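Read the structure below first, then the notes.
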Ligand SMILES: [Zn+2]
């Protein structure tokens, strides 16, 4: 199998990791004039880490000169490297400097007291390799204190993981001394230096167990569950705790202990739901209502059903999300407009979350009414999670097809025409009143929504908002 042997050698400066040497021994053929690897020169607002020693590609015959081409990719720009001669097992080596931990998106190789965290997108390459690639990771901690450790999305210490050419750029990494960790089964949670994070780690482990059981988390080929990892960053540039998710991992950022409250349970629960509920979403905005609405909904429902959050914690969170949506001056924008405003207008960016959440709460109640309580949104969600053999390869067509599958499955309960009329309202920005049937649980108080006169953020105009009570 094509193999990449990766050695990471962090260097300690007495307080944190100041630089990182990277060595990649490639058991992949390099062919003259063909693309071998690429690195992100820019991804959203982050750049590739500063090089302390330049990228070198070489083999036993010496240096392998490369030409480069810059091209757009996935909200950024990549530099593609094309070797100028053939080589069977080339080595790529360089050293990067870390920089003080940056704000979200937390993709930079960011240092804080105790260590560094970051995404491979800003310090590792992706390969133009067809088929599976085996990665053998080795940590060289010879320039680190004795209690040092390193981890990535796929585990701690030296280890192997088989993925594809993009595995390194879709993984998160942490290295430090000490690297604190809570492990429960497949779940891992890492942080540096702050004992208060232990409580949040324990809550997150319980939420992962509840979600993994509900979604029947699949096992890998050797019968073990794939790891799911949360990495924690401390940094000053953080108004609200938040982070960036990638395959089977989440890296999040907080500023101070005052931010370590019950709302974190819902933040982690939301990010974990993305492991199991996905949909094509191209152009962005086509299915965001589903992807983010479902993550918002199940991040409330599953901790509530499992008894991990109190009625007060649940209603506090519902009230935060209610204010975010019903008092949002952009809540009547179309799905397409919301997608186009991604990150350029924060209020518009937030709309699909609340729109999806409150529409799906409405859909759940409608399914329960239509089936005399024997079915709920869970059934439709699990049906849509099944592989769809007719999904077109083109992502934009696949996104349209996904919405059609939603209409077909939801339409079984409310009727095809009604489902389509509601969906047109959803797409064009109709505001949904909340329904709370989904939160009905034996032995737990009923959750009620009461309408109030509110004020739109920014404009000060009057609006109808909703308060949740248990
Ligand atoms: Zn999300």
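Throughout, read-outs are computed from the coordinates displayed, never taken from laboratory work. This is a predicted model, so every value here is computed, not measured. All Cβ positions, glycine included, derive from the backbone under ideal geometry; neighbour counts span all protein chains shown.
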Check: With each label point set 7 Å from Cα along the Cα-Cβ vector, what nm distance links residue 237 and residue 41?
Finding: 2.1 nm
Margin query: Order 77-83, 114-120, 126-132 from most to least packed using the mean count of other Cβ atoms within 10 Å.
Written below: 114-120, 77-83, 126-132
Checklist line | For segment 277-469: relative contact order, % (alpha-carbon pairs under 8 angstrom, 6 or more apart) | finding: 30 percent
Next item on the list: Go through 386-394, 159-167, 287-295 and give me the packing order, highest mean Cβ count within 10 Å leading.
Entry: 287-295, 159-167, 386-394
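Given an 8 Å cut-off on Cα distances and at least 6 residues of separation, report the relative contact order of the chain as a percent.
Working: 1016 pairs, mean separation 51.8, N = 470.
Relative CO of the chain lands at 11 percent.
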Notebook entry, point to check: Taking Cα atoms, how many degrees apart are the long axis of helix 288-305 and the longest axis of the chain, rounded to 10 and kept between 0 and 90?
Noted result: 80 degrees
Next item on the list: Any chance you could give the angle, 0 to 90 degrees and rounded to 10, that helix 197-214 forms with the longest Cα principal axis of the chain?
Entry: 70 degrees
Margin query: Between residue 15 and residue 407, what is the label-point separation in nm under the 7 Å Cα-to-beta-carbon projection?
Written below: 5.9 nm
Notebook entry, point to check: Angle, helix 263-273 long axis vs. longest principal axis of the chain, Cα atoms, 0 to 90°, nearest 10?
Noted result: 70 degrees
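In what sequence, highest mean first, do 415-421, 318-324, 175-181 appear when ranked by Cβ atoms within 10 angstrom?
Values: 415-421: 13.4, 318-324: 18.9, 175-181: 20.4.
In descending order of packing, they fall as 175-181, 318-324, 415-421.
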Next item on the list: Report the calculated FRET efficiency for residue 469 and residue 31 (r = Cβ-Cβ distance, R0 = 51 Å), to the nearest 0.05.
Entry: 0.20
Item checked: Normalised contact order of segment 100-219, rounded percent, pairs of Cα under 8 Å and 6 or more residues apart -> 23 percent
Notebook entry, point to check: Label point 7 Å out from residue 198 along Cα-to-Cβ: which residues of segment 225-239 have amide N under 20 Å?
Noted result: 230-234
Item checked: Gain upon complete extension [residue 69, residue 332; 0.36 nm per residue less C-alpha separation] -> 90.5 nm
Check: If you find the alpha carbon centre of segment 395-470 and of segment 257-312, how far apart are they in angstrom?
Finding: 16 Å
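Divide by every residue of the chain the summed helix terms, -39500 (n - 2.57) for each DSSP H run of at least 4, and state the resulting mean residue ellipticity at 222 nm, rounded to the nearest 500 deg cm²/dmol.
Details: 9 runs with 136 residues, N = 470.
The helix contribution divided over the chain gives -9500 deg cm²/dmol.
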Margin query: Can you tell me the length gained on complete extension of the stretch residue 52 to residue 375, counting 0.36 nm per residue apart and subtracting the Cα distance?
Written below: 110.4 nm
Margin query: Test of understanding: what is the full-extension gain from residue 86 to residue 431, defined as 0.36 nm times their sequence separation minus their Cα-Cα distance?
Written below: 118.2 nm
